[in-house]
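Notes follow the structure.
The values are calculated or read from the model by the stated rules, or taken from the named source; none is laboratory data. Nothing here was measured: the structure is a model prediction, and the numbers come from that model. Positions of Cβ are generated from backbone atoms using ideal geometry, with glycine treated the same way; all protein chains shown enter the neighbour counts. With ligands, DNA and RNA removed, areas are computed over all heavy atoms of the protein, side chains included. Shrake-Rupley method; radii C 1.70, N 1.55, O 1.52, S 1.80 Å.
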Amino acid sequence: LHAGIDALAEVEPPSDDEGRASLEAEVAKLSDQIEKIGPVNVLAIDEHTELEQRESFLRTQRDDLVQAIESLRGTIRKINLTSRELFRDAFNAVNEYFTEIFTSLFGGGTARMQLLDEEDVLESGIELVAQPPGKKNQSIALLSGGERALTALALLFAIFRYKPSPFCIL
């Protein structure tokens, strides 16, 4: 403020009325612009600091969430990989037992389980293909009622043979 006053003291007022009128018009224009700006917010610095802290807090929270999401995705990938391996092992074992028990129950023939989608084993359906002795290879839906019941029992026993249960209700 003092520097501004000292600078004004060195300025000589214009001697003619035209120069004075031009300066007064500029002063009025600048005064209007200052009034349009409005009052100075003395709390702006405090508000700015508070908003910076809030922004920092939210950024930290966001970073934590992004890290948690990535960690969850990694865990899901590991679970899916392990699930696929466990499912394939179980499927292959049950399939072997199914073929063996089917042959035993029917006194011959063959049966197998097959995945409908080899690429996505966790979402794939399973089809049973059975061929009792003396019949051609066909889907279980084309078998007679008794053949379907024996095939279903063969599958059930194959599953129990793979993972025994303490009890079963048929």
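Numbers for the structure displayed
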{"quantity": "Top-ranked residue in the range 5-62 [being modelled with pLDDT under 85 and of a type in the set (Lys, Arg); ranked as least open to solvent (accessible area, probe 1.4 Å)]", "calculated": "Arg20"}
{"quantity": "Filter result (among the aliphatic types (A, V, I, L, M) and under 29 Å from the mean Cα position of the chain (by Cα)) within the range 33-83", "calculated": "Leu58, Leu65, Val66, Ala68, Ile69, Leu72, Ile76, Ile79, Leu81"}
{"quantity": "Among the candidates Ala152, Ala141, Ala93, residue that is in contact with a helix residue (DSSP H, G or I) (Cβ under 6 Å, 6 or more places away or on another chain) and aliphatic (A, V, I, L, M)", "calculated": "Ala93"}
{"quantity": "Some residue of the range 101-115 being farther than 30 Å from Pro133 by Cβ and at pLDDT below 90", "calculated": "no"}
{"quantity": "The listed residue being modelled with pLDDT of 90 or more, surrounded by 10 or more Cβ atoms within 10 Å (Cβ to Cβ) and more than 30 Å from the chain's Cα centre (by Cα), out of Glu127, Glu96", "calculated": "Glu96"}
{"quantity": "Tally of residues being of a type in the set (Gly, Ala, Ser) and under 41 Å from the mean Cα position of the chain (by Cα) across the range 131-170", "calculated": "6"}
{"quantity": "Any chance Leu116 is over 33 Å from the mean Cα position of the chain (by Cα) and either exposed (fewer than 11 other Cβ atoms within 10 Å of the Cβ) or among the aliphatic types (A, V, I, L, M) (or both)", "calculated": "no"}
{"quantity": "Condition met for Leu122 (within 22 Å of Tyr162 (Cα to Cα), open to solvent by 50 Å² or more (accessible area, probe 1.4 Å) and of a type outside the set (D, E, K, R))", "calculated": "yes"}
{"quantity": "Which listed residue is open to solvent by less than 50 Å² (accessible area, probe 1.4 Å), farther than 19 Å from Leu86 by Cβ, of a type in the set (Val, Ile, Thr) and at pLDDT below 85, from Ile140, Ile169", "calculated": "Ile140"}
